[in-house]
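Just so you know, all these numbers are worked out from the coordinates, no wet-lab data involved. Please read these numbers as outputs of a predicted model, since none were measured by experiment. Methodologically, a virtual Cβ is constructed for each residue, glycine included, from the backbone with ideal geometry; neighbour enumeration extends over all protein chains shown.
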Amino acid sequence: MARAVLTRRDGAFAALLLAFIIVACLSAPLYATLNGVDPFSSDIAGTTMRNGQRVDLMQPNDNPLHLGLSPIGPDWRSGPYVLGADSQGRDVAARVLYGGRNSLLIASSSAVFCLCLAACLGICAGYFGGWIDLILSRILDMLWAIPVYLFAISLSVVTVGHGIRLGFITIGADNLLIPIGIIALVYVPYAARPFRARALSLSQAGFVMAARGMGASDFRILWREILPGLMPTMAVLAPLVMALCMLAESALSFLSLGVQAPAASWGTIIQDGEGLLYTRPAVAIAPGVAIVLTVLALNVLGNALRDQIDPKGTAR
């Protein structure tokens, strides 16, 4: 299936673009080491080399009175501060690469957690039916009625201030497990419905009926017959849910309810550049472009997988 997807132009383009973004983000420590920059420490009084001259990272504003200071702008040649500096004198390119590591980690982990939980709920509701399906479906319907971002913001406000305490286990407010869990939970109702529909369809299939007739237990049927049949659905949903999780993480981090300082993500970097849109727009535009390209690659890859797995549905 993967080979068939890569033979499509859009699937191959999306896979290559996503691989490039992942490799670039993983190379963040190499970039910081080679250029001698620290993306997490303020360096307002720092300097750098431009055109063979040493210049300050914070330059006088371009207004007529030259009041205030603005960070140095982008320099597209090799060397540090390719995308300029932010208001704290930090290398924007290094922060975008490091922030991408957290954004990709949170999005992928949230997608895995969400799909696993949604698959369990969908299987229980679709296979067993009856009162189990009734209760689970009504709970999912109630969660479905709550706007995604309102639900995520509400959970984040409660957890970011004090963290989470589960008995003797304490999760700090700056732990990435908190945004991962919150983002995964808010998308469970959206992913559980396709799993429930697929499990309901498989439970009435002939091979499942034959397994029941041979005396196979429910656990064996679920493990050997139902779960493998859900793998194509999970493969199609995985990149699409990851794209949604990345957008949710960026929104929460932009509102200071996701990744907490001194860590960075693409959402927090956009927040850092909000006050520099008119003087140094690259600070906010660079992570925004990274989010757009990543989500685009994930959506195109998900569509290619769907077309490969369900060509009849594509024709309709």
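Once the Cα-Cα distance is subtracted from the 0.36 nm per residue extended length, the residue 135 to residue 204 segment shows a gain of 22.7 nm. Per residue, the average separation of C-alpha pairs within less than 8 Å and at least 6 apart gives region 164-316 a relative contact order of 20 percent.
Across the options 298, 203, 244, the greatest Cα extent toward the positive end of the charge dipole of region 179-316 (unit charges at beta carbon of Lys, Arg, Asp, Glu) belongs to 203.
Distant-in-sequence amide contacts of residue 47, defined by a placed amide H-H separation under 5 Å and a gap of 5 or more residues or a different chain, comprise 57. Computed over the chain with a Gaussian network model linking Cα atoms closer than 10 Å, the most mobile of 150, 121, 105 is 150. Estimated from the Cβ-Cβ distance and a Förster radius of 35 angstrom, the FRET efficiency linking residue 41 and residue 9 is about 0.20.
Computing FRET efficiency as 1/(1 + (r/R0)^6) for residue 177 and residue 261, where r is the C-beta to C-beta distance and R0 is 25 Å, gives about 0.90. When the convex hull of its Cα atoms is viewed from all sides, the chain shows a mean projected area of 21.9 nm². Taking trypsin sites (Lys or Arg not before Pro) across region 68-137, the ones in a DSSP loop with at most 13 further Cβ atoms lying within 10 angstrom of their Cβ are 77.
Each helix, a run of at least 4 DSSP H residues, gives -39500 (n - 2.57); summed and divided by the residues of the chain, these come to -20500 deg cm²/dmol at 222 nm. For helix 92-123, what angle does its Cα long axis make with the longest principal axis of the chain, in degrees from 0 to 90 and rounded to 10? That works out to roughly 10 degrees. Each residue of region 217-223 is assigned a 3J(HN,Hα), and the resulting list reads 6, 4, 4, 5, 5, 5, 6 Hz, derived from the Karplus form 6.51 cos²θ - 1.76 cosθ + 1.60 (θ = phi - 60°), x at Gly and Pro.
Put simply, the amide H of residue 146, placed in the peptide plane, has no neighbours under 5 Å, leaving out anything fewer than 5 places away on its chain. Scanning the chain for chymotrypsin sites (Phe, Trp or Tyr not before Pro) in DSSP loops with at most 11 neighbouring Cβ atoms within 10 Å leaves 169-277 as the longest stretch between them. Averaging Cα coordinates gives a centre for region 244-316 and one for region 95-133; these two points are 18 Å apart. The mean sequence separation of alpha-carbon pairs under 8 Å and at least six residues apart, normalised by the residue count of the chain, gives a relative contact order of 23 percent.
Taking 0.36 nm per residue of separation and subtracting the Cα-Cα distance, full extension of the segment from residue 69 to residue 56 would add 3.6 nm.
Hydrodynamic estimate: the Kirkwood radius of region 223-290 over Cα pairs, inserted into Stokes-Einstein at 10 °C and 1.306 mPa s, corresponds to D of 114 µm²/s. Only one residue of 103, 275, 190 has its Cα farthest out toward the positive end of the dipole of the chain, where Lys and Arg carry +1 and Asp and Glu -1 on Cβ, and that residue is 190. The angle separating the long axis of helix 188-203 from the principal Cα axis of greatest extent in the chain is about 30 degrees. For region 9-113, the Cβ-based charge dipole about the Cα centre amounts to some 220 debye (Lys, Arg positive; Asp, Glu negative; other atoms uncharged). To the nearest ten degrees, helix 9-26 and the longest principal axis of the Cα atoms of the chain are 50 degrees apart. Under the criterion of Cα pairs below 8 Å and six or more residues apart, the relative contact order for region 111-251 equals 35 percent. Extension gain, residue 24 to residue 218, is 65.3 nm, computed as 0.36 nm per intervening residue step minus the present C-alpha separation. Each Lys or Arg adds one and each Asp or Glu subtracts one; over the other residues with Cβ under 13 Å from the Cβ of residue 139, this totals +1.
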